[in-house]
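Trainee: Below: one structure in structure tokens.
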Amino acid sequence: MEKQKTTNKRHLRNDIILVAVLLLFAIACGIYLFFFRATGDAVKVTVNGKPYATYSLSENREVNIYTGNNKQLNRLIVKDGKAFIETATCPDKICAEHRAIFRDGESIVCLPNRVVVTVIKSDKTDAPDAVT
Amino acid sequence: MNNKIKTITFTGIFTALAIILAYVELLIPPLFPSLPGIKMGLPNIIIVFLLYRKDATSAIFVSLIRILLVTMLFSNAMAFLYSLAGAVLSLLIMILLRKLNLLSVVGVSIAGAVAHNIGQILMAMLLLDSSELGFYLIALVFSGIIAGVFVGLCGALLIKKFPSKLH
Ligand SMILES: [Zn+2]
């Protein structure tokens with residue numbers, strides 16, 4: 001009887017450890033997915049919310065995105081499977097300071113020029129690939 | 001000979017019970033319709049019971065026959081692969097934990113429910129090649145814990161009602 005009691009206590013303690021480990025695992029997964037999501041294979045550029053172009057991440061390129069009657073410029077660089085804005089005419093330069101993006105769903109937004117660059121997985125969209 | 005008939009009868013009865021529980025579960029409206037994997041796993045009550053009051057072999061038998069029959073009755077081939085992957089992983093984990101005698105019935109059931117969900121997700125990742133499913137996994141771990149507690153408590157109750165092993 002006494003033995004059964006201690007066994008039950010041990011079991012309960014182990015149960016709690018199991019649940020704690022599972023919860024930690026789930027939280028760790030969440031953090032991992034949030035920070036290390038799957039890499040995309042193309043970037044979609046929109047200007048004023050309208051599709052502008054889609055560029056594959058697999059080949060290096062440099063694109064000038066002119067907006068606002070060609071007065072505004074965001075220079076988009078695709079290099080080694082990552083995309084970033086090298087220079088921009090916007091006042092805040094937030095977009096140019098943004099680190100290179102390459103994970104599915106990541107984006108760089110230039111609010112003043114209304115340019116959004118988003119990483120996509122091209123098999124998920126029907127947008128034409130690599131418009132130059 | 002007599003023993004063989006007994007085994008077949010037991011397996012049949014418990015398989016029928018597991019199928020009824022699977023059917024009952026289909027009648028309950030899903031908690032999250034957009035997340036089809038989130039279920040209580042009621043048939044697992046029978047599997048847990050068998051692990052404690054019969055043996056691993058009968059648990060494996062009942063689980064696999066149950067999945068085969070439920071698929072043929074109410075489901076499709078795609079769902080069969082998910083269920084099978086979930087059931088195999090869940091059975092392996094529960095049999096192992098039962099042998100190790102580290103956890104209570106509820107603990108074994110929780111581990112089984114979470115393993116079931118992980119098995120399903122791994123199969124889906126294999127078939128659909130999607131990274132979005134990773135987020136799904138987190139929801140399934142949480143729901144697995146809740147389902148496992150419920151199933152485990154039911155199983156423990158049943159095990160208490162039948163204090164000796166079935167022969
Ligand atoms: Zn900018």
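The values are calculated or read from the model by the stated rules, or taken from the named source; none is laboratory data. Since the model is a prediction, treat every value here as computed from it, not as a measurement. Backbone-built Cβ (ideal geometry, glycine too); neighbour counts: all protein chains shown. All accessible areas refer to the heavy atoms of the entire protein, side chains included, with ligands and DNA or RNA removed. Shrake-Rupley method; radii C 1.70, N 1.55, O 1.52, S 1.80 Å.
Trainee: Can you send over the carbon and sulfur percentage of the accessible area for the protein assembly as shown, probe radius 1.4 Å, protein chains only?
Mentor: Roughly 67 percent of what the probe reaches on the protein assembly as shown is carbon or sulfur.
Trainee: Where Lys and Arg each count +1 and Asp and Glu each count -1, what net charge lies around B:GLY107 among other residues with Cβ under 15 Å from its Cβ?
Mentor: In short, +4.
Trainee: Kindly express, to the nearest 10 degrees and within the range 0 to 90, the angle between helix B:56-74's C-alpha long axis and the longest C-alpha principal axis of chain B.
Mentor: It is inclined by approximately 50 degrees.
Trainee: Could you compute how much accessible area chains B and A hide from each other, both sides summed, with a 1.4 Å probe? Nearest 100 Å² is fine.
Mentor: 1500
Trainee: So, in nm, how far is label A:LEU73 from label B:ASN3 when the simple model puts each one 7 Å beyond its Cα toward the Cβ?
Mentor: About 8.8 nm, to one decimal.
Trainee: Still on this structure, please answer the following. Let me check against my output: what whole-number percent is the relative contact order of chain A, with C-alpha pairs under 8 Å and at least 6 apart?
Mentor: 24
Trainee: Determine the calculated [θ] at 222 nm for chain B from helices alone, applying -39500 (n - 2.57) to every DSSP H run no shorter than 4 residues and normalising by the residue count; nearest 500 deg cm²/dmol.
Mentor: Mean residue ellipticity, 222 nm, calculated: -27500 deg cm²/dmol.
Trainee: Then there's this: Taking the Cα centroid of region B:87-111 and of region B:38-54, what is the distance between the two, rounded to the nearest whole Å?
Mentor: The two parts, judged by their Cα centres, are 11 Å apart.
Trainee: Then there's this: If a cysteine in the protein assembly as shown has no other Cys Cβ under 4.7 Å from its own Cβ, put it on the list, ordered by number.
Mentor: Those would be A:CYS29, A:CYS90, B:CYS154, since no other cysteine Cβ in the protein assembly as shown comes under 4.7 Å of theirs.
Trainee: Rounded to two decimals, what is Rg over Rh for the protein assembly as shown when you use alpha-carbon atoms and the Kirkwood radius?
Mentor: 1.17
Trainee: Using Cα-Cα distances under 8 Å and only pairs 6 or more residues apart, what relative contact order does region B:3-161 have, in percent?
Mentor: Taking the mean separation of contacting Cα pairs over the length of region B:3-161, I get 26 percent.
Trainee: Now for a separate question. At a Förster radius of 25 Å, what calculated FRET efficiency corresponds to the Cβ-Cβ distance of A:SER58 and A:SER107, to the nearest 0.05?
Mentor: E between A:SER58 and A:SER107, to the nearest 0.05, is 0.85.
Trainee: Evaluate peptide A:12-18: per residue, the Cβ atoms of other protein chains within 10 Å of its Cβ; return the mean as an integer.
Mentor: Per residue, the number of nearby Cβ atoms from other chains is 6 on average.
Trainee: Net charge within 15 Å of B:LEU26 by Cβ-Cβ distance, Lys/Arg positive one each and Asp/Glu negative one each, not counting B:LEU26 itself?
Mentor: +1
Trainee: Let me ask something else about it. Give me the 1.4 Å probe accessible area per residue for chain A, excluding ligands and nucleic acids, in Å².
Mentor: 63
Trainee: Two-decimal Rg/Rh of chain B from alpha-carbon positions, Kirkwood Rh?
Mentor: We get a ratio of 0.97 for chain B.
Trainee: Between the helical axis of A:2-35 and the dominant principal axis of chain A, each derived from Cα atoms, what acute angle in degrees is found, rounded to the nearest 10?
Mentor: Roughly 0 degrees, rounded to the nearest 10.
Trainee: Can you bin every Cα-Cα distance in chain A into 5 Å intervals starting at zero and give me the percent of pairs per bin, rounded to whole numbers?
Mentor: Answer for chain A: a P(r) of 2, 10, 16, 17, 12, 8, 5, 4, 4, 4, 4, 4, 3, 3, 2, 1, 0, 0 percent.
Trainee: Could I ask something else about it? Could you check the simple spin-label distance between B:LEU68 and A:ARG10, using points 7 Å along Cα→Cβ, in nm with one decimal?
Mentor: 3.9
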